[in-house]
1. Computed FRET efficiency, Cβ-Cβ of Glu172 and Arg135, R0 22 Å: what is it to the nearest 0.05?
2. Using the Cα gyration tensor of region 124-227, with a ≥ b ≥ c the square roots of its eigenvalues, what is the shape: rounded (a/c below 1.5), prolate (a/b larger than b/c) or oblate (neither)?
3. Could you work out [θ]222 nm for the chain from helices alone, using -39500 (n - 2.57) per DSSP H run of at least four and dividing by all its residues? Round to the nearest 500 deg cm²/dmol.
4. Need one word for region 15-242: rounded, prolate or oblate. Basis is the Cα gyration tensor (sqrt eigenvalues a ≥ b ≥ c); a/c below 1.5 gives rounded, then a/b vs b/c decides.
5. Could you sort the peptides 247-260, 120-133 by per-residue average Cβ neighbour count (10 Å cutoff), highest mean leading?
6. Taking 22 Å as R0, compute the FRET efficiency from the Cβ-Cβ separation of Tyr267 and Leu232 and round it to 0.05.
7. I need the Kirkwood Rh of region 87-149: take the reciprocal of the average 1/r across all distinct C-alpha pairs and report it in angstrom.
8. How much length is gained if the chain between His275 and Val260 is pulled fully straight, taking 0.36 nm per residue apart and subtracting their Cα-Cα distance, in nm to one decimal?
Amino acid sequence: MSLTPIGVPRHKITVASLQEKKLQHEPITCLTAYDYSTARLLDEAGMDMILVGDSLAQTMLGHENTLSLTVDEMLHHVKAVRRGTRDALLIADMPYGSFHVSAEDAVRNATRFVKQGGAEMVKVEGGEKRADLIRHIIDAEIPVAGHIGLTPQSVNRMSGYKVQGKTLTDIEQLMRDATALDRAGAACIFLEGIPREVAEMITAEVAAPTIGIGAGPGCDGQVLVFHDILNLTFGPPAKFVRRYGDAAAEITHAVQAYRVDVLSRQYPADNESYHLSPETKQALEILSERKRTMRSRKQITAVE
Ligand code: KIV
């Protein structure tokens, strides 16, 4: 497999290219991003897909879980990521509550992510029971990513974040979920927190590319949370997270060095300062000198 070198222009990733990658057994790469600068870096580094995940509630906004995130908050971040994304396919996560009330409401919210946010796909958590809803969104010309297994928006129903699909009954349900989403026309299916064997079975069964997170190596692609791979999450990582950098250490080091420089007046240096032209500087010195002379004359007059 040839890798496109970083920074070299590549083709725009579309729904069709994801399908093509599955057929060619070419892994699909995806990371989350929530702002302009991160999106630019990910896009220029060659990510196939950028997901504005509702994990932003935790990573960016400091909430305990994803449940309180609103459509307006998500939209704000999708717009920023749009401005930094060129070739990658941009996916907006549908927040909790944005597709649970009615299909009409779901289509309205999905449409906002496309029209106002510039998303090219929306992601909806849930399996079989979301199939009809997904059809409605696709009918509105919006590609949909499914998301099954450990679905964080179900944290209360699941009584915590637990690996799913460990019993035969659960595996059968997961297979039904995956095939229902596939038949509904999902453009890809995210598989989160399930045993690798189950993810492999699903991947072999469905036409849609599967994108795994904590689902083993047999998926058609992989996604991770940007903050997880860079140690920006302030806690022990989940088993499936591989750290590719330590941004927390880098940031702390840089911030401390800046602080020390400011306290010791090492920053800013002369070459980090703006300067007057020699003529203006000279004129300013003459003016200041005149003012000083006038002031001392006034003081002498006052004493006399
Ligand atoms: O919100 C998110 O970040 C996600 C993925 C990690 C799949 O849904």
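1. 0.45
2. In terms of gyration-tensor shape, rounded.
3. Rounded to the nearest 500, it is -13500 deg cm²/dmol.
4. rounded
5. Details: 247-260: 11.6, 120-133: 21.0.
With the highest mean Cβ count within 10 Å placed first, the list reads 120-133, 247-260.
6. Plugging the Cβ-Cβ distance into 1/(1 + (r/R0)^6) gives 0.30.
7. That comes to 11.4 Å for region 87-149.
8. 2.9 nm
Quick note: the coordinates plus some simple rules give every number you see, no bench work behind them. Not measured: the values here are computed from a predicted model. We place every Cβ from the backbone using ideal geometry, glycine too, and count neighbours over all the protein chains shown.
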